[in-house]
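Reviewing the structure listed below.
The values are calculated or read from the model by the stated rules, or taken from the named source; none is laboratory data. Since we're looking at a predicted model, the values are computed, not measured. Cβ: placed from backbone, ideal geometry, glycine included. Neighbour counts: every protein chain shown.
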Amino acid sequence: MEEKNSQDISMSVKLGRLLLKYPVMPASGTFGYGEEFIEITDYSLFGALVTKGISLEPSKGNEMPRICETPCGLINSIGLENVGFEKFKDEKIDFLKKFNIPVIVNFFGKSIEDYAIMAEKLSCIDGISALEANISCPNVKEGGRAFGTDPEIVYEITASIKNCSPLPLIVKLTPLVSDIALIAEVAEKAGADVISLVNTFPAASIDINKRKFKLSRGYGGLSGPAIKPIAVKLVNDVYKAVRIPVIGMGGISSWEDAVEFFMAGATSIAVGTGAFNNPYLIPQITSGIRKFLQENNFSSIYDIIGIVNN
Ligand SMILES: Cc1cc2nc3c(=O)[nH]c(=O)nc-3n(C[C@H](O)[C@H](O)[C@H](O)COP(=O)(O)O)c2cc1C
C-alpha cells in the first residue's frame, strides 16, 4: 500500500463544539499564563493554550520548597498560586488571546458557589474559548476532601457551572477515587462537554539526613512519567464510560506516550511535567503523531482514538 502524504492527514479534533487544529496542549499549571514559554517555543502547533488555575482572589500558594524531584517524576505543592480573577482579566487574557489559538481557562473555588461565580465572571471576558474546572481541590466547607471525590458534589458543581456559563465546560477529574468511570458519568449527566484527566496523585518524599519532608507542606501531587501507566488506564476507564470527549494527560513525554493515550480513548492530550525538561515537546509530539499516522496509513487522528477497544 502507498504511504499517505503528510498533508492528507487530519490532525484536528473536536472537543464538544470547540475545534482544535492540533490535538496537543499544555497541562494547566505548567504553562503559567503563556508568557514565559513564548520566549523559547512557537505556539503555532499548540491545539490550545491552557492557563494555570485561577480563583476569585489571588493566592500566594504554599511556602518554599514546593517542588522536589523523584525517580521519573516530581512532587509539587504549589498550592494553586495565582493572580486572581481581576488581575487575570486586566493583565493576562490580552496576551493569550492574540495567538488565535483557543484559550482554555482552568479555575477552581473553595465552595460550589465560588465555582459558579467564577464561571459567570470568566464568561463575561472576551477571548476565552472554554473553561476547565479543576475539582481536585479541597472542599473547605466539607472538611477538606476534594470536591471531585463525591459524585453528588461533582453533579452539583458541574450543573451549577453550566447554569452560569455558555462556554464549553471541561471537568478535570482527580484520580483519587475508587470508581473514576462513575464520576465521569455523573459529570456528563450534569452537562460537562469534555472530561480531562488525570490530575496529580498525593505523594511525599523525605530527606533522611534532615529527617524532614522535602516539601514545606509535607505532601504534594506526583506528576511525570511515574504516573503514566495509571493515567492511561484511567483514561481508558473514562473513555468506555462516557460519550463526551476526553483530554488525557499524566506523564506524557514523547509522541509514543501520546499515541498510547489516543489509543486508550483520548481525543486530545495535555503535556505538563515533560515540558519542564523539554520546552519544545508539544510541537515535537505533534510532528511525531503525524508521522506515526502517515507511516501506518491512517488518515486522521480519529482512526486511532480508542482503538484498543475496537
Ligand atoms: C507545577 C504544577 C502545577 C499544576 N497546577 C495545576 C492547576 O493549577 N490546575 C490543574 O487543574 N492542574 C494543575 N496541575 C496538574 C497538571 O495539569 C496535570 O494534570 C498533571 O501534572 C499530570 O500531567 P503531567 O504528568 O504531564 O504533568 C499542576 C501540575 C504541576 C506539575
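Figures for the structure shown
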{"item": "Residue match in region 124-137 (condition: of a type in the set (Val, Ile, Thr) and either outside any loop (DSSP other than H, G, I, E, B) or within 22 Å of Ala241 (Cα to Cα) (or both))", "result": "yes"}
{"item": "From Thr174, Thr200, residue being under 20 Å from the mean Cα position of the chain (by Cα), free of Cβ contacts under 8 Å to residues at least 60 places away in the same chain, over 14 Å from Tyr115 (Cα atoms) and within 14 Å of the ligand (Cβ to nearest atom)", "result": "Thr174"}
{"item": "Criterion violated by Pro151 - all others in (1) in contact with a Ser or Thr (Cβ under 6 Å, 6 or more places away or on another chain); (2) within 15 Å of Ala241 (Cα to Cα); (3) not charged (D, E, K, R) satisfied", "result": "(1)"}
{"item": "Subset of region 12-40 [more than 16 Å from the ligand (Cβ to nearest atom), surrounded by fewer than 19 Cβ atoms within 10 Å (Cβ to Cβ) and not small (Gly, Ala, Ser)]", "result": "Lys14, Arg17, Leu19, Lys21, Ile38, Glu39, Ile40"}
{"item": "Criterion (of a type in the set (D, E, K, R), within 15 Å of the ligand (Cβ to nearest atom) and in contact (Cβ under 8 Å) with a residue 24 or more places away in the chain) met by exactly one of Lys240, Lys291, Lys233", "result": "Lys233"}
{"item": "Of all residues making up region 261-288, the number that are of a type outside the set (Phe, Trp, Tyr), in a helix (DSSP H, G or I) and either more than 14 Å from the ligand (Cβ to nearest atom) or buried (at least 20 other Cβ atoms within 10 Å of the Cβ) (or both)", "result": "12"}
{"item": "Region 214-263: number of residues that are charged (D, E, K, R) and out of contact with any helix residue (DSSP H, G or I) (no Cβ under 9 Å at 6 or more places or on another chain)", "result": "2"}
{"item": "Total residues in region 69-122, condition within 14 Å of the ligand (Cβ to nearest atom) and of a type in the set (A, V, I, L, M)", "result": "8"}
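To keep it simple, each residue is scored yes or no on (1) farther than 23 Å from Phe108 by Cβ; (2) at pLDDT below 90; (3) among the aliphatic types (A, V, I, L, M); (4) touching a Leu at 6+ places or on another chain (Cβ under 8 Å).
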| position | (1), (2), (3), (4) |
| --- | --- |
| Asp8 | yes, yes, no, no |
| Lys14 | yes, no, no, yes |
| Arg17 | yes, no, no, no |
| Met25 | no, no, yes, yes |
| Ser28 | no, no, no, no |
| Phe31 | no, no, no, yes |
| Glu39 | yes, yes, no, no |
| Tyr43 | yes, no, no, yes |
